[in-house]
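Below is one structure, written out as structure tokens, with a few remarks after it.
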Amino acid sequence: MYLLEEKIWFWALLAIPVVVLLYFAVTLWKRTAQKRFVVNRELLEKLTPQRSVFKPVLKLVVFCLALACMAVAMVNPKIGTKLETVKREGVDVVFAVDVSKSMDAEDIAPSRIDKAKQLVTQIINNLGSDRVGIIAYAGSAYPQLPITTDYSSAKMFLNSMNTDMLSSQGTAIKDAIELAKTYYNDEEQTNRVLVIISDGEDHEGDAASIAESATEQGIRIFTVGVGSEAGDRIPIKRNGVVQSYKKDQNGETVITKLDAETLQQIAAEANGEYINGNSTQEVVDKMKTALNQMDKKEFEAKQFADFKDQFQWFVAAALFLLFIDVFLLERKTAWVRKLNLFNENKTKS
């Protein structure tokens, strides 16, 4: 496993095409100047008998390779050299994020879907050693990330979620609960948590009864409501610009509202708690308190515990190439001249 510490230095590689362009610009300028002052080509060859066509190009390639090595050295690549098995204790936490079109409503800034992702990110940031999983759901539920201890991957998958990722629209909370049951693959894990982040609009119903059955498998469901009871319109955007608002079959503008009652009922049936998502800190504090009060399950997680710097190899390669570039002259090498690879030694008739 490798790690790139300072990726911003990859931008230094842009210096290579600049150097190449400058080289060809200078070469073109030299040829133009030579034609201006020296009319006879044979005379020019007599004036510069040792001039090599290949050597300047070789020097350019060597110098560009040196620049590339220096850029990679500044990035400071590291290689994991020691794999340790670390024992951790925690709770399995699955996040079910509503990605239906109603989550595009902007009655909670910047939008319901963005607020939902912010809440999950902040909860993950405050976890100890718990394992996490992510589910996306709208008209159906879709597994986004299985149970893992890799919080970085969880955030990456979370950031990629949007209301266009599932073609089937609606809000099937019961499907998300049913899918979450398959996430807890450790039979010894007694404390299992499902966090549903939604505006609560359940178009299929029966979510409360499904939540009650989830408690039989030791799953506690916490629901987080995003949106307002006053509601808002659902914008239809193109390239980030609002084009219109969603309308129903009668041509009336759809107003989507937070259904806190449904979310409260689900949480009550599953021995959990409903939390209003307007305050990020309140959500984080309540989830942190609830998780800390649960019994922790011991599990193992393999991690690369020791990374070693590798920049020195690239610095050495860059210095070696620069050393070659300094002593690489642009005139012909004697033994190469004898080979006459480019038919440069013309015989006189």
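The values are calculated or read from the model by the stated rules, or taken from the named source; none is laboratory data. Worth saying up front: this structure is predicted, and the values here are computed from it rather than measured. Cβ sites come from the backbone with ideal geometry, for glycine too, and all protein chains shown count toward neighbours. Side chains included, ligands, DNA and RNA excluded: accessible areas come from the protein's heavy atoms. Shrake-Rupley method; radii C 1.70, N 1.55, O 1.52, S 1.80 Å.
Worth pointing out:
- Taking every residue in the range 280-296 that is touching a residue at least 24 places away in the same chain (Cβ under 8 Å) and assigned to a helix (DSSP H, G or I) and pairing it with any residue that is open to solvent by 70 Å² or more (accessible area, probe 1.4 Å) and polar (S, T, N, Q), at least 6 positions away or on another chain, the pairs with Cβ-Cβ distances below 6 Å are THR280/GLN122; VAL284/GLN122.
- ALA214 being in contact with a helix residue (DSSP H, G or I) (Cβ under 7 Å, 6 or more places away or on another chain), at pLDDT below 90 and of a type in the set (A, V, I, L, M, F, W, C): yes
- VAL93 vs. criteria touching a Gly at 6+ places or on another chain (Cβ under 8 Å), within 18 Å of ILE219 (Cα to Cα) and either of a type in the set (Phe, Trp, Tyr) or in contact (Cβ under 8 Å) with a residue 24 or more places away in the chain (or both): yes
- Filter result (modelled with pLDDT of 85 or more and open to solvent by less than 70 Å² (accessible area, probe 1.4 Å)) within the range 315-346: VAL315, ALA316, ALA317, ALA318, LEU321, LEU322, ILE324
- The residue of the range 11-24 that is farthest from the chain's Cα centre (by Cα), among those that are under 17 Å from PHE54 (Cα atoms) and open to solvent by less than 80 Å² (accessible area, probe 1.4 Å), is TYR23.
- Screening the range 91-129 for residues that are farther than 25 Å from ALA214 by Cα and among the small types (Gly, Ala, Ser) and picking the one that is surrounded by the most Cβ atoms within 10 Å (Cβ to Cβ) gives SER102.
- Residues of the range 223-243 that are on the phi > 0 side of the Ramachandran plot and surrounded by fewer than 13 Cβ atoms within 10 Å (Cβ to Cβ): ASN239, GLY240.
- Subset of the range 244-264 [under 30 Å from MET294 (Cβ atoms) and either open to solvent by 40 Å² or more (accessible area, probe 1.4 Å) or modelled with pLDDT of 90 or more (or both)]: LEU258, ASP259, ALA260, GLU261, LEU263, GLN264
- Tally, over the range 130-152, of residues that are open to solvent by 30 Å² or more (accessible area, probe 1.4 Å) and not in a strand (DSSP E or B): 5
- Total residues in the range 270-293, condition open to solvent by less than 20 Å² (accessible area, probe 1.4 Å) and touching a strand residue (DSSP E or B) at 6+ places or on another chain (Cβ under 8 Å): 7
- Residue-level analysis places LEU13 among those that are out of contact with any His (no Cβ under 8 Å at 6 or more places or on another chain) and modelled with pLDDT of 85 or more.
- Only a single item in (1) open to solvent by less than 60 Å² (accessible area, probe 1.4 Å); (2) closer than 23 Å to LYS117 by Cβ is not met by GLN310, and it is number (2).
- All positions within the range 224-253 that are in contact with a Gly (Cβ under 7 Å, 6 or more places away or on another chain) and free of Cβ contacts under 8 Å to residues at least 60 places away in the same chain: GLY225
- Filter pass, LYS87 being in contact (Cβ under 8 Å) with a residue 60 or more places away in the chain and farther than 30 Å from LEU4 by Cβ: no
- Flag for GLY170 being within 27 Å of SER279 (Cβ to Cβ) and in a loop (DSSP other than H, G, I, E, B): no
- Which numbered condition ALA267 misses (of (1) open to solvent by 90 Å² or more (accessible area, probe 1.4 Å); (2) closer than 23 Å to ASP206 by Cβ): (1)
For (1) assigned to a helix (DSSP H, G or I); (2) modelled with pLDDT under 85, each residue gets a yes or a no:
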site: TRP9; (1), (2): yes, no
site: PRO49; (1), (2): no, yes
site: LYS55; (1), (2): yes, yes
site: LEU65; (1), (2): yes, no
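- Tabulated pairs, the range 322-335, first outside any helix (DSSP H, G or I), second modelled with pLDDT of 85 or more and not β-branched (Val, Ile, Thr), C-beta under 9 angstrom, 6+ apart or interchain: LEU328/LEU58; LEU328/LYS59; LEU329/LYS59; GLU330/LYS59
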